[in-house]
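Have a look at the structure below before the remarks.
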Amino acid sequence: MVDKWDSIYAELLYLAPVPHEEWLVFQALCRPITLRKGEYYMKQGEIADRMGFCLRGLFRVHASTRDGKQLTQGFLGAGGFAASYSSMLQVAPSLQTIEALSDSTVVSITYKDFQSLYDRNVCWERLGRRLAEGLLVRKELRERELLLPPDQRVQLFDSKYGHLASQIPAEQVASCLGMSSASLARIREKQAGAAEMVLG
């Protein structure tokens with residue numbers, strides 16, 4: 001677990017200059033949460049009161065429409081930041097669900113505890129801002145990606161999540177890409193054929 005904690009500290013340092021003594025305070029406020037496949041870190045409709053970093057495993061971020069259809073918004077692997085920031089800021093029901101696709105562990109901290117760090121060191125305000133900016137950029141990039149031609153969407157997805165492909169059901173990949181499972185299968189078949197021609 002020690003090296004895993006170190007990986008989280010490295011993630012924080014990438015975002016903000018968090019001194020080691022402040023990291024120790026943050027670490028003491030966090031707790032690892034282990035989730036089985038199919039369990040939820042956060043559920044749509046509930047007010048989010050915590051956020052965390054994925055230590056291991058894989059999560060799916062999705063939302064359900066009024067008629068019960070699930071729309072996959074993205075996936076989080078090791079190092080990914082899991083939160084419904086708008087829910088925490090507005091104290092309003094979350095618009096998304098974060099579900100474990102495999103047995104996973106997330107280092108979690110309550111939003112109240114994270115806010116308490118703001119008075120300790122300016123690094124925490126910077127970190128909070130960078131995390132919020134990261135979620136906004138992730139949202140805008142997804143919206144831009146959905147405007148791409150279908151084959152380019154698949155290529156981009158494979159470049160981002162290819163190493164996790166075996167853990168993600170095809171219908172969830174298709175939902176994330178804004179297409180049907182049949183369309184995804186046709187594009188993958190076409191790509192496989194093109195790759196064989198190049199190798200041949």
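Here, each number is a calculation from the coordinates, and none is a lab measurement. All values derive from a computational prediction rather than experimental measurement. A quick note on method: Cβ atoms are made from the backbone with ideal geometry, for glycine too, and the neighbour counts reach across all protein chains shown.
Per-residue packing, averaged as other Cβ atoms within 10 Å, sorts the ranges 129-141, 40-52 into the order 40-52, 129-141, beginning with the highest. Where in the chain are the DSSP H helices whose alpha-carbon span along the long axis reaches 18 Å or more and whose Kyte-Doolittle mean is at least -0.5? Passing helices, by number: 2-15, 181-199. Computed from phi, the 3J(HN,Hα) profile of the stretch 65-70 under the Karplus parametrisation 6.51, -1.76, 1.60 (θ = phi - 60°) reads 7, 4, 8, x, 6, 8 Hz, with x in place of Gly and Pro. The 3J(HN,Hα) values that the Karplus relation (6.51, -1.76, 1.60; θ = phi - 60°) gives for the stretch 33-40 are, in residue order, 10, 9, 10, 7, 3, x, 7, 10 Hz. Gly and Pro appear as x. Annotation: extensible slack from ALA165 through GLU143 equals 5.8 nm (criterion: 0.36 nm per residue apart, minus Cα-Cα distance). What label, among (1) 47, 21, 12; (2) 29, 22, 16; (3) 33, 19, 16, belongs to semi-axes √(5λ) of the Cα gyration tensor in Å computed from the structure on display? Evaluating semi-axes √(5λ) of the Cα gyration tensor in Å on these atoms matches (3). Taking every DSSP helix (H) stretch of at least 4 residues in the chain, weighting each as -39,500 (n - 2.57) and dividing the sum by the residue count yields a mean residue ellipticity at 222 nm of -15500 deg cm²/dmol.
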